[in-house]
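Okay, structure first, notes after.
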Amino acid sequence: MPPFLTSGKRLDALALLTAWLILASFFAMATASYQEGVFRFGYHEQPATHQDMLKTYIESAQEKEQEMKRFIVEFTNATHYQKIESVSATVAKHIESQGYVVKQTHTYDDRQAFWGATYHVSPATSGQNHDPHRVIAGVQRVPNVARVWPDYQRVPLAHGNHGLARRRHAKQPVPLHNTKPANGTKTPPTGNADDFPPHVITGVAQQHALGRLGKGVTVCTVDTGVDYSTPSLNAGRAAGVPCIGPECQVLGGRDFITDPFDGETPKEGPLNYKDVQHPDSSCWHGTHTAGTIIARDTAHGFVGVVPEAKLRHYKVFACTSIDPKTNKTTPGGGGGYLSILLASYLQAKKDGCDVMSLSLGGPGQWGKDAADMLQTRLSPMMPFVVSNGNSGDGGLYTGADSAGTTAVIAAAAGYANGSASWGFWLDSDPKRIYSEFSELPFALNTTKESSYPIYFTPEAVKSVDVINDGCNVKNGSLPDLKGHAVFVFRGGECDGGTKFRPFYEAGARIIIAIADFRFVYQRTVCSGSLQQAGIMRREDGQAIREAFIKSQGKVKVVFPGTPKLVFAPERVPGTPTFFSSQGPTWRGEVKPNVNAPGWNILSSAPVPWEASVKSGTSMSAPLIAGVVALFKSIHRNASTEDVRSAITLSSVPYRGINTSDELASVLAQGAGTVNATAMIELTTRTQPTYFALRDSVHFEGKHQLEITNIGKEAQTYSFDHKRAKCLYALHEGAPKSGDRDEGLWALRPEECPDDTSLTVEPKTIKVDPSKTGTVTVTLKPPSPSPRLKMYSGWLLLNSSSSTGGGVIPYAGTGGDLQATGSFDHTFDLWNTTLPALFDAADKEQIQNDTTTFVVGSNSSTWPAVLWSQALASPLSTCDLVRADINFKATQPIVEAPSKLGNLFNSPGVPYYSSTRRAVVEAKDIPVVARYWNYTFADSRDSADITHRRGAYSYSFCNIKPEAYNLSDPGFAAFNVSDGYYRLLIRLKQVYSSDDTNHEDQYTSYLSHAFHFVNNVTAHVKNHTVDAAKGKPVVPSSNDAHPNKTKTGTPPSVDAHVNKTDEGKPPSGDVHVNKTSATVPPTDAKPAAANATPPANKGDVTPGAKVVLPATAMTSAKTPP
């Protein structure tokens, strides 16, 4: 038996960890990630008003669109005789011809998997408007180009910030089948057992006891860098001595992005272990995931799932960044571009990887971007295990994009039998060990046991039910807390920075938050401080409070000189954690697929830290990848389909946190917690591995199940049915109304009744060895509900062989998902119901059809339609249409003056009707110009419109001076003419077909009419606006009137433009954005939005073709 399994030492020998931990700086866009236990606090400045928050959000999104400069291009294989250098050069020249500077960053020369390149595109001149969508449309027309994708970013999924998840006690979960070794498996020898909690619950410990350690398998990780000089990863060498190569655990790899990253062009290089030896713990992510797979540790009490396997590591995230202007290096390097992922996947294919482990992702589970595509193509060669995301407290449909394809194994995160924590005690009762949860133990600058006086606020001493403990502490009101340990109850109306900062300023350096409920919650990260804080369970915190009160404040807390690691027992092992993202995908596929421990996981850390504790689906994914590697080390010829079938069938479903007898939803735990022993010994394979039932309208209830017997004896199979917990996806009253804070979607879904039935014909089937039998599985769903019943369960496959049975999960939606509507009207924008048209300052809702906008080249002059989105959309468009268009939108305008008040739970708010419309040709809608056209591949775009929204998170479309000509194959841009228009927002619905021309597949919103004045084009060159003061400059009497049309005269009463408090403009001026008593030109008055059109105007209604009105406004010109 290897020494790292027989040392028997635990982490109480963890010596000399760092003196203190510097504030973690997350990677760009790391909002989808999770880390519990440590609070780091400081000042966190908030905008002065909600309007300022919105404006900041929109400006940031506009900047992101301008920064969308990377594009992935796949070439066709039609010209197989051409070299890739020739084809890529042709594409580059075409982009340059559009007025851009082009730099090729990656070349992918694998005709079997991916043949193409990535380009970095930037405007040739500083004043040039960068339009990424025009670039994409132009490149798509180039010969030999098959497809173009924006090159977005993904992020590591170990740390994160999520809303409060309220959990209560639950009874011990009962699995459907136990985790004991199958018949014939010997009991692990005493003294050689692996008792690491994540391995006990997953059957890995049993395999280790049999000497199965993954020898001969290569696992490949795509992550931040890895420190192969840390003791658990350097093949037994001294700390700091690197080991990479055939004699080492880390066989090889590559940095596909090097440190520091300049934010523009990632540079490649050899795998560098020193970059991650950084106090920013986000740099440790790759080292931690690598340790979960291959660690050989003799000091800290943990070991990898396959410690005798080899690892190749591909670094795709940088640890630090450099400012090219100042040459200053700062933490947080970014990276994770899809282009880098493609390069790493192709390198893994070339290197012969057996299993891929990916702990990265972002929101929007469509499975349609470039990286998803390549994962699907490569998965038959090597299974991909991917984190499903850490947004579970956002409700259903929150899975990560990288786990969205059917080809990958999506990993949920659950609880193990014990959670890693740091132990301490009270001097009055040294036998009771309390657990403090954080990434690293408190650094106390001493190697001796030390005690500290305790401090509770007077409010906490007075009542254990204190709500805003520490939220209202005034500066200077606290005693001197230097040398004290502060305990403060978490929760209330303030964030961690506000709560803990006063104690820090009063001298405290040990601050421990007491969780809101029994479950430990995540850390709050703020800026401006180097101090850390921990968190503990509520019942433990209450016990310390009682001891404090009983001793009249004299009791002290004691910390050991050498940090002591304690595996705190979990009352709900196997259960999915509250942060683990839930399915299904927006296409109705069952996600996640399986579950494994991802809560407070101890694993490797870079030198000098050597070990750390992290939480997230980033921690469960490498554990599952390790289980797959164990399986492949025994079953050398197993295909990816064999892996998917075996890992699903052998999983163990567990009860949910909040239920006493029901099993947790399949949409939270997948098939269940993986069981390495059952997976390896399983003698059955099935296809499919799950049943995706979709929603009530698109229900798929009848399935053919193929059962293959790979055992040596005939097996007779019978079938049972077990339902899981049913959940309402939407709040009560949906879709007419929603929750005040959450909108339509329930962040903590309520249980729903479920009478799903499942039958199998024939009821039993005998299958001989190496043969396949087929049965018909028929499911009848529960009654539909407008709140969307998310029901799920398992077909239980019973076998006459002790190694032949298993589970096959199913999941569906009871209700019409499309009837919910794509727009979430239950969100309001500070007492303004969305969707709505706003002025250029994004503060005032336009509630008439007479407002004039003077639109310039500066984005500060661009009005916008804002909306919140209830459902994802595979295709979204924002079009400029004539003001008198006769089009009936599905989402009507709701007038909501600023003093009207909150409209939540108001039965009078109109909503999208579930009545299905007749087919109308969308291509016949008289669109004047298009502002943008997004698909599901654009899931992290500036408008971010492809997945449902959250509070203070909105989509928008600006009214700009330049738009697209839809009649041009190249989607050419042109300057919009002056005239009267509306904005038409159209969101293609989930489950819609690939045909984009049928209007019945869209939900839509048509804005108020407005008068558009283009302040950029030559025809208004004599009418300018002083940008500094907002005052118009009056044209001379000989100048052409800015609003004069070819067939009409200027209005007798001019519209007011940009009237400011600095004074009234002279008479005759055109004033913009004044919403009262403004009059449009007399030659073209707009029709009221959504009004019934005149009979001769060509009504765009269900069942009709669109005909341009005979009296179309002459000022609303079509593109040249």
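Rounded if a/c is under 1.5, else prolate if a/b beats b/c, else oblate: with a ≥ b ≥ c from the C-alpha gyration tensor eigenvalues square-rooted, which is segment 683-816? It is prolate, given that a/c is not under 1.5 and a/b is the larger ratio.
Would you kindly calculate the mean projected area, averaged across all directions, of the convex hull enclosing the Cα atoms of segment 260-305, in square nanometres? So the mean shadow area of the Cα hull is 4.5 nm².
When the trypsin sites (Lys or Arg not before Pro) in segment 240-325 are filtered for DSSP coil states and for at most 11 other beta-carbon atoms within 10 Å of their beta-carbon, the remaining sites are Lys325. Remark: segment 419-565 carries a charge dipole of roughly 260 debye about the Cα centre, counting +1 on each Lys and Arg Cβ and -1 on each Asp and Glu Cβ. Rounded to whole numbers, the Karplus 3J(HN,Hα) couplings from phi for segment 245-251 are x, x, 8, 10, 6, 8, 6 Hz, using 6.51 cos²θ - 1.76 cosθ + 1.60 with θ = phi - 60°, and x at Gly and Pro. From the square roots a ≥ b ≥ c of the eigenvalues of the alpha-carbon gyration tensor of segment 419-565, which class results: rounded (a/c under 1.5), prolate (a/b over b/c), or oblate? Rounded, since a/c falls under 1.5.
The trypsin sites (Lys or Arg not before Pro) of segment 428-483 meeting both criteria, a DSSP state outside H, G, I, E and B (loop) and at most 10 other C-beta atoms within 10 angstrom of the site's C-beta, are Lys448, Lys474, Lys482.
Expressed in whole Å with the largest first, what are the equivalent ellipsoid semi-axes of segment 213-341 derived from the C-alpha gyration tensor as the square root of 5 times each eigenvalue?
On the way: eigenvalues 147, 45, 26 Å².
Sorted largest first and rounded, they come to 27, 15, 11 Å.
Given 10 °C and 1.306 mPa s, how large is the Stokes-Einstein diffusion coefficient of segment 594-651 in µm²/s, with Rh as the Kirkwood radius over Cα pairs? Answer, rounded: 124 µm²/s. Packing here is the average count of other Cβ atoms within 10 Å per residue, and on that basis the peptides 286-292, 854-860, highest first, run 286-292, 854-860. For the listed peptides 701-709, 421-429, a ranking on the average number of other beta carbons within 10 Å per residue, highest first, reads 421-429, 701-709. In the structure shown, the pairs Lys69/Lys274; Lys310/Lys368; Lys632/Lys763; Lys888/Lys988; Lys83/Lys315; Lys722/Lys789 are assessed against 26 Å; a Cα-Cα span above that value is assigned to Lys69/Lys274; Lys310/Lys368; Lys632/Lys763; Lys83/Lys315. Here segment 683-816 is assigned +1 on the Cβ of each Lys and Arg and -1 on the Cβ of each Asp and Glu. Its dipole about the Cα centre then comes out at about 360 debye.
Between the DSSP loop rule and a limit of at most 16 other Cβ atoms within 10 Å, which trypsin sites (Lys or Arg not before Pro) in segment 750-795 are left?
Taking segment 750-795 and a limit of 16 other Cβ atoms within 10 Å, the loop trypsin sites (Lys or Arg not before Pro) found are Lys763, Lys771.
Note on segment 538-683: with charges restricted to the Cβ of Lys and Arg (+1) and Asp and Glu (-1), its dipole about the Cα centre is near 520 debye. With neighbour counts taken as other beta-carbon atoms within 10 Å, the residues Trp115, Trp149 rank, fewest first, as Trp115, Trp149. Please work out, to two decimal places, the log10 of the ratio I(q)/I(0) at q = 0.09, 0.16, 0.19 Å⁻¹ from a Debye calculation in which every Cα of segment 297-427 carries one identical scatterer. Here the Debye-derived log intensity ratios amount to -0.38, -1.00, -1.18.
Each reported figure results from applying straightforward, stated rules to the coordinates on display, with no laboratory input. Please read these numbers as outputs of a predicted model, since none were measured by experiment. All Cβ positions, even for glycine, are placed from backbone atoms using ideal geometry, and neighbour counts span all protein chains on display.
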